Amino acid sequence: CLVGLALEVGETVQILEKCEVFPANYIHLKKAIVTNRGPHETVVPLEDPIVTEVTSTLQEWALLWKQLYVKHKVDLFYKVRHVMMELIDLRRQLLSGHLTQDQSRDVKRHITVRLDWGNEHLGLDLVPRKEFEMVDEEQISVSDLYKMPCRVPVPHHLLVNLKSFTYNSIGEDTDIFFSLYDLREGKTISEKFMVRLNKNGGPRNPEKVDRLCALFTVTHTHTHTNNVKHTLKIKKGPPHVQYRRPYGCAVLAMSDLFPLSSACQPFDRSFCPLFVCAGLIISLQLLRGDMEQVRRENPLIFSRGVAITRKLGFPDVIMPGDIRNDLYLTLERGDFERGGKSVQKNIEVTVYVLYADGEILKVGSLGSGELNVPEHRSFVLYHNNSPRWSEVIKLPIPIDRFRGSHLRFEFRHCSTKDKGEKKLFGFAFTPLMREDGTTLSDESHELYVYKCDENTTFSNHALYLGLPCCKEDFNSCPSIPSSLIFQRSTKETFWISTQLSSTKLTQNVDLLALLKWKAHPDRVMDILGRLRHVSGEEIVKFLQDILDTLFSILDDNTDKYGPLVFQSLVFIINLLRDSKYYHFRPVMDTYIQKHFAGALAYKELIRCLKWYMDRSAEVVRQDHIQEAMRALEYLFKFIVQSRILYSRATCGMEEEQFRTSIQELFQSIRFVLSLDSRNSETLIFTQAALLNSFPAIFDELLQMFTVQEVAEFVRGTLGSMPSTVHIGQSMDVVKLQSIARTVDSRLFSFPESRRILLPVVLHHIHLHLRQQKELLICSGILSSIFSIIKTIMSRSVFCSCWMMVCVRPHFVCSLTVAAICLHVIGSHVSPWFLWQGEYVSCLLSLLRQMTDIHFQHLMENFQSKEELKEFLLKILCVFRNLMKLSIFPRDWNVMRLLTSNIILTTAQYLSPALHKNFTEAEFDFKVWNSYFSLAVLYINQPSLQLENLSPAKRKKVLDKYGDMRVMMTYELFSMWQNLGENKIHFIPGMIGPFLGVTLVPQVEVRNIMIPIFHDMMDWEQRKNGNFKQVEAELIDKLDSLVSEGKGDENYRELFGLLTQLFGPYPSLLEKIEQETWRETGISFVTSVTRLMERLLDYRDCMKGDETENKKIGCTVNLLNFYKSEINKEEMYIRYIHKLCDMHLQAENYTEAAFTLLLYWELLHWDERPLKEFLHYPAQTEWHRKEGLCRKVIHYFNKGKCWEYGIPLCRELAFQYESLYDYQSLSWIRKMEAAYYDNIMEQQRLEPEFFRVGFYGRKFPFFLRNKEFVCRGHDYERLEAFQQRMLGEFPQAIAMQHPNQPDEAILQCDAQYLQIYAVTPVPDSVSVLQMDRVPDRIKSFYRVNNVRRFRYDRPFHKGPKDRDNEFKSLWIERTTLILTHPLPGISRWFEVEKRELVEVSPLENELRTLISQYQHKQLHGNINLLSMTLNGVIDAAVNGGIARYQEVGLKVLIKMLNMNYDAPSVSHRFTSSESAWQCTEKLVHPEMRPLHKKLIDQFQMMRSSLCHVSAEELSHQQLLTVRFKPVKLKHTCIRGQCE
């Protein structure tokens, strides 16, 4: 029934039964499959796995997303919200079902990018993926899973959109240029994007409104955004004069906008400040993927006419068929004469491109986004004869018009006086192609400047083309007649630079000669020889043309040109191996597959290759042989493709000859590898080159031969290599690398080839592992083997193939792998530690694929128990290191869980062997201890603590693996039970580790482990008659473990279950005195439970952001427990110092001194040596006590409690005097004297004291339902103290009455605070009553060393009289007695005892009055006494004196009468006149009127009360107090009253 089921939108519910209750329009029915049917069944919807992942991920993110706001991470909060909304939209697109296959793939890619970004920023686990979908770790090998986090970089492009140009003071037409600048290279790396704006800031072309955008395609995978700057240049021109002037520029760092970790986040807007305070608002967006993908994903961008802004020069890869012919011209600088002017010129350069026939080409614009123009005019620098322009112009010149074309540069002076006037004064030129057919080189060119004037015309360009354009041209020209119309200006020069990006034109003479070899057939040998001198850039540009030329030369005359063509082909192939040109290999592949036409070439290539190999044993210099070996891959590609073309053309003729030639070639290969190269370094290099290239030819051979034939070729070749590992380290590496590439090749994926190749591969690996040589490469090979087996083979195939072929080497390898893993993991020295993950994944792959049959076979193959012991120790040590060290990243929880599962399975397989071989008489402590240590580490590892995971993730882990902690705990308990009498060997060593297991917050784990402690106690009781070791170790470990933050509230209650374990085992208890055992055990468990209560409170306070008072209170509580109940002196001393440090941090120096005094009291003035402890060095007990004493004295001094420091000074003085250490004695006596001075001279404040009650079960154990008296801080009053306490306990409720709380409050799940001030009742009354003691001294004793505190609560005793409420108004006086006096080791102590006394109002007033004059000497000032008497005698409120007469204040009249033995009231009044006469002499003149009033009122009271009979007075409650004589200016007034 769904009634009461709490659901959120998007949650999935399994419908077990359909009924018409729930509204159908609120739900969406999904098809699903149910796996693992039963109580823990899992329902998986039949939908795209990406959709399911998005749903679960969003639900998990929702909780964390809200926490971001709570934790004030607002920026990340909004970013995550944006990504979540995008994911919801992308999920909706997938569910719509209207996407094509390509669109669906793109949407999935977008989803995975955002999922990975969010998981990374929210601290969630890394999700391994393949083809955008989550990988099931059960379906792939551990090695493959280990390699998955590596992310392949993808191309990215920058979209720039100009929103507005807000700087309006220019007031002219403006050109804005955008480009990318590489800070690392120090140059611009892209073309410019040009925007033309009118004087109002809008686009000059109205059609481009809201379309001022460009896509920069330069930022490919190799470009680092942190080195790229976005540069902007602004130029302006006046409205009527046609010339341009520079105005400003700005730079924007891409790294600030697109950090590598958040490349998937779109960036919307950025404000870029200009150097002249102009404002430019642009939007930037990073688009990922190749250009075709970007076009598909963003059709709107391209529909708006975005300007494609390309990289300067060629792209990263030039594919066949790409045609381009762009010339990038840079106007660099010039040096010009003044020409007779007083000021420098304003020079403008006009650029023209002219064809051979004189036609002017439209010059490309300064940037993308604008149309080409017939001419380009440079910007003008004001009064500058040496301008620096650095303007780049793109000239798209057709290839067929390039020859004969030239550039002309005209220089004009722009006058500032005659507006709009431009005067021509010179020109320069340069042809684009030389006479030999090569183009203008990519470099800087210094051009000659020729003089001319405004009337000069250039209609006949032949007039100047015959002149030298530069210095190189001048040197090559014959004598030039001086009668030419144009004269060179020798003092003026002009610099340009060019960069040609052409797929058809070259700047190299040798390359041009090769491409036109038919024009000079007699020079072919020389041309082929000079090919090596052509630059790599030129070769890769014309790669297809060069290859066509080479094979055409080969077809022309094979015998004559064959070796040279072969060398040239080898040179080109090796050129593509260079990292600079490696990305041109696809060009070569495409050429071979689609353009290569040399059907007869394979014969000559095989012949030349075999000839090179056969001569390797004879030739000393083998450079050319090594180059041929390095080119083996592409040579075989040409051979195979040539043979395929020949077979097509001839219907398979000469097939047998071809196969024979290949077999002979492989015989030559095996011959080269079998040569002994130990004495020939050049031969080593040849063999290494051959081995490096050899695995690359397998795919080509598979096109012509069967899998078995190719495998036999490879086995023979690998078998020909020397099997010894003493051939040299470099050859070892090369040999294993070749084997590794063989295993990774497609050939090895075929089962029939693996049966042939696996023995020889494992043979070489075994040799290296046994010698511990090249271990990392071996691990990679094994990793690949396991990956292939897991991916392709089923388990049955694996067993039959692997076990039969290589069972013995396989398990030998497993032993060696374990040993080496131990070495690698244990080493923190590079490079071992950096590669340890590879080896670990290899070992885990091996163990994962082993079944019980394999383990059984392994155990049976050990020759002795020593070998088995060594293996077990190694593999258990490896597992322990896996638990301890961070082999895998923190967020890679999938790998950690899989590793834990493999370790658990392996431990379950190894347990029987351990029990069978190392128990009873052959017990081995080392192996068993290693096993138990592994189990403890395993259960405690963080990745298995499911309580820390989100509910969804916890369910996922439980569904897949179950709670692996419980499984390992059962294994641990089972192995413990198998120990039998050998359990005693692990007492007390394993108490701490096992206790750590019980602190795991999992009930079943604890229930399994608790009986082990009963076993330990029982076995020690049997052996020693007690279990003191168990008790001591258990207490020590509990303290350390709980202090580290382990354990919880449930553990406290669970540990109490140990008391029940003494009942169910009568057979065990019959051997000992049952009563003693039971009583001792229960007492011990009770003590441990009480300790746990205090330790858990201590842990919670230390772990949270609690106040110092809470932490101090917890520590005091724990310290007292160790001293009084358990008597653990070492733990007691440790907590003394922890408490002292807390006091010092809170500046409670007096309390810190009292705390340290506890340790001081434990020491004696002996010479007994003490070991190093805490921060104390090894020293004698006397010196440690002396140092402590000095420190305590210092803290008392800082706390201004000198009275407590003086006895310690005397103690130290006695010790120094007995040792005749007069120097120290002098120092301590001076300090003592200084303390006396401080007592008399320095001001000390009397603190206030407050009673605090903590009521309710929500308080920590050490405070719960207890009351304390706290010593307040200086100047702290009741209101401030209440606020402080409520701040420390923000959830507490302040009680507004002083009454004792009832039982309901004590047991409620809340916090109640009851706070009020209390008065100290000092014990040192004698000091306070001494006349000559100064008030400064008395003040100290009134508020220090006080254990008793008092507070009063008024109440009505009996019925309340409405006419006179004083009749029933009494005082409830409570005296609180503390456990320790204040001050002490804490600022507050618990109330130990309460004393209640009921006091009448009269007695309270008299006690208050008497107390005032007992504690304060009047020193002749009786003003206060006079005012008090006035309030009593002339009571003007509450009904006056008549009310007091009714409640017994006639006793006050007795006091005023001052005659205790008088029989009548009137007589007592008469006897008191002498007292009034004495005060008559002491009264101050200003108080004389008040004194006279008091006397008159006294007479009136006496008259009104003289009629009260003695019998009536005898019924009054009298208070007898004896006043001590008080000296008032040498006048003594003595009196007594009852």
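The values are calculated or read from the model by the stated rules, or taken from the named source; none is laboratory data. As the structure is a prediction and not an experimental result, all values here were calculated from the model. Glycine also receives a Cβ, built like all others from the backbone with ideal geometry; neighbour counts cover every protein chain displayed. Only protein heavy atoms, including side chains, enter the accessible area calculation; ligands, DNA and RNA are left aside. Shrake-Rupley method; radii C 1.70, N 1.55, O 1.52, S 1.80 Å.
If you take just the strands (runs of 3 or more DSSP E) that sit entirely in region 266-353, which of them hold at least 1 residues that are modelled with pLDDT under 80 and touching a Phe, Trp or Tyr at 6+ places or on another chain (Cβ under 8 Å)?
Qualifying strands (runs of 3 or more DSSP E): 279-288, 325-335.
Of the conditions (1) over 26 Å from residue 921 (Cα atoms); (2) crowded, with 18+ Cβ neighbours inside 10 Å; (3) modelled with pLDDT under 90, residue 990 satisfies every one except a single condition; which number is it?
That leaves (1) as the condition not met.
Suppose the filter is farther than 22 Å from residue 578 by Cβ and hydroxyl-bearing (Ser, Thr, Tyr); does residue 706 pass it?
Yes, satisfied.
Looking only at helices (runs of 4 or more DSSP H) that lie completely in region 951-1041, which have at least 3 residues being among the basic types (Lys, Arg)?
So the answer is 951-961, 1003-1024.
Report yes if some residue within region 891-899 is surrounded by 18 or more Cβ atoms within 10 Å (Cβ to Cβ) and among the charged types (D, E, K, R); otherwise report no.
Yes - at least one qualifying residue is present in region 891-899.
Restricting region 1141-1150 to residues that are assigned to a helix (DSSP H, G or I) and not β-branched (Val, Ile, Thr), which is least open to solvent (accessible area, probe 1.4 Å)?
Within region 1141-1150, the match that is least open to solvent (accessible area, probe 1.4 Å) is 1143.
Could you tell me which of the residues 1171, 1103, 1111 is under 18 Å from residue 1384 (Cβ atoms) and either under 42 Å from the mean Cα position of the chain (by Cα) or modelled with pLDDT under 75 (or both)?
Result of the check over 1171, 1103, 1111: 1111.
Are any of the residues in region 583-595 polar (S, T, N, Q) and either touching a Leu at 6+ places or on another chain (Cβ under 8 Å) or without any contact (Cβ under 8 Å) to a residue 40 or more places away in the chain (or both)?
No, every residue in region 583-595 fails to be polar (S, T, N, Q) and either touching a Leu at 6+ places or on another chain (Cβ under 8 Å) or without any contact (Cβ under 8 Å) to a residue 40 or more places away in the chain (or both).
For residue 68, are the conditions met, namely being without any contact (Cβ under 8 Å) to a residue 60 or more places away in the chain and surrounded by 11 or more Cβ atoms within 10 Å (Cβ to Cβ)?
Spelling it out, residue 68 is indeed without any contact (Cβ under 8 Å) to a residue 60 or more places away in the chain and surrounded by 11 or more Cβ atoms within 10 Å (Cβ to Cβ).
If you check 1134, 1184, which single one turns out to be touching a strand residue (DSSP E or B) at 6+ places or on another chain (Cβ under 7 Å) and not in a loop (DSSP other than H, G, I, E, B)?
1184
Which ranges mark the strands (runs of 3 or more DSSP E) fully within region 402-460 that have 2 or more residues being closer than 20 Å to residue 357 by Cα?
The qualifying strands (runs of 3 or more DSSP E) are 406-414, 422-431.
Return the pair list, or none, for Cβ contacts closer than 6 Å from residues in region 946-958 that are under 17 Å from residue 55 (Cβ atoms) to residues that are hydroxyl-bearing (Ser, Thr, Tyr), at least 6 apart or on different chains.
952/56
Mind checking which pairs have a first residue in region 1282-1308 that is modelled with pLDDT of 85 or more and a second that is open to solvent by 40 Å² or more (accessible area, probe 1.4 Å) and not hydroxyl-bearing (Ser, Thr, Tyr), Cβ under 6 Å, 6 or more apart or different chains?
1306/1265
Got a number for residues in region 437-462 being open to solvent by 60 Å² or more (accessible area, probe 1.4 Å) and either in contact with a strand residue (DSSP E or B) (Cβ under 6 Å, 6 or more places away or on another chain) or closer than 19 Å to residue 333 by Cα (or both)?
Matching residues across region 437-462 total 6.
Is it the case that residue 710 is open to solvent by less than 60 Å² (accessible area, probe 1.4 Å) and assigned to a helix (DSSP H, G or I)?
So residue 710 passes the test.
Among the listed residues 875, 820, identify the single one that is at pLDDT 80 or above, buried (at least 20 other Cβ atoms within 10 Å of the Cβ), assigned to a helix (DSSP H, G or I) and aliphatic (A, V, I, L, M).
The match here is 875.
Name the residues in region 404-434 that are more than 16 Å from residue 459 (Cα to Cα) and in contact with a Cys (Cβ under 6 Å, 6 or more places away or on another chain), would you?
Within region 404-434, 422, 430 qualify.
Just wondering, is there one or more residues in region 11-21 that are modelled with pLDDT under 70, in a loop (DSSP other than H, G, I, E, B) and either in contact with a Gly (Cβ under 6 Å, 6 or more places away or on another chain) or small (Gly, Ala, Ser) (or both)?
So far as region 11-21 goes, no, none of its residues is modelled with pLDDT under 70, in a loop (DSSP other than H, G, I, E, B) and either in contact with a Gly (Cβ under 6 Å, 6 or more places away or on another chain) or small (Gly, Ala, Ser) (or both).
Within region 632-650, can one find any residue that is of a type outside the set (Lys, Arg) and without any contact (Cβ under 8 Å) to a residue 40 or more places away in the chain?
Checked region 632-650: at least one residue is of a type outside the set (Lys, Arg) and without any contact (Cβ under 8 Å) to a residue 40 or more places away in the chain.
Criterion first (surrounded by 12 or more Cβ atoms within 10 Å (Cβ to Cβ), modelled with pLDDT under 90 and not in a helix (DSSP H, G or I)) does residue 1318 satisfy it?
Judged against the criteria, residue 1318 is not a match.
From the list 1250, 1196, 1261, 1254, which residue is within 44 Å of the chain's Cα centre (by Cα) and modelled with pLDDT of 90 or more?
Within the list 1250, 1196, 1261, 1254, the selection yields 1254.
Considering only residues that are farther than 28 Å from residue 211 by Cα, in contact with a strand residue (DSSP E or B) (Cβ under 6 Å, 6 or more places away or on another chain) and open to solvent by less than 60 Å² (accessible area, probe 1.4 Å), which ones fall in region 362-396?
380, 386, 387, 389, listed by residue number.
Given 1171, 1138, 1111, which one is basic (Lys, Arg), open to solvent by 30 Å² or more (accessible area, probe 1.4 Å) and farther than 27 Å from residue 1281 by Cβ?
1171
Taking into account only those residues within region 1174-1188 that are without any contact (Cβ under 8 Å) to a residue 12 or more places away in the chain and either in contact with a Phe, Trp or Tyr (Cβ under 8 Å, 6 or more places away or on another chain) or within 17 Å of residue 1216 (Cβ to Cβ) (or both), which is most open to solvent (accessible area, probe 1.4 Å)?
Among residues in region 1174-1188 that are without any contact (Cβ under 8 Å) to a residue 12 or more places away in the chain and either in contact with a Phe, Trp or Tyr (Cβ under 8 Å, 6 or more places away or on another chain) or within 17 Å of residue 1216 (Cβ to Cβ) (or both), the one most open to solvent (accessible area, probe 1.4 Å) is 1183.
Please state which of the following conditions residue 904 fails to meet, knowing it meets all the rest: (1) out of contact with any His (no Cβ under 6 Å at 6 or more places or on another chain); (2) open to solvent by 10 Å² or more (accessible area, probe 1.4 Å).
(2)
State which residue is surrounded by the most Cβ atoms within 10 Å (Cβ to Cβ) when the search covers only region 206-215 and only residues that are modelled with pLDDT under 80 and part of a loop (DSSP other than H, G, I, E, B).
Only one residue fits best here, namely 211.
What is the residue count in region 1266-1303 for residues that are open to solvent by 70 Å² or more (accessible area, probe 1.4 Å) and out of contact with any Asp or Glu (no Cβ under 7 Å at 6 or more places or on another chain)?
So the count comes out to 12.
Of all residues in region 548-580, which are in contact with an Asp or Glu (Cβ under 6 Å, 6 or more places away or on another chain) and either open to solvent by 10 Å² or more (accessible area, probe 1.4 Å) or of a type in the set (A, V, I, L, M) (or both)?
Correct list: 558, 570, 574.
Select, from 1235, 1255, the only residue that is in contact with a strand residue (DSSP E or B) (Cβ under 9 Å, 6 or more places away or on another chain) and either polar (S, T, N, Q) or open to solvent by less than 20 Å² (accessible area, probe 1.4 Å) (or both).
Being in contact with a strand residue (DSSP E or B) (Cβ under 9 Å, 6 or more places away or on another chain) and either polar (S, T, N, Q) or open to solvent by less than 20 Å² (accessible area, probe 1.4 Å) (or both) holds for just one of 1235, 1255, which is 1255.
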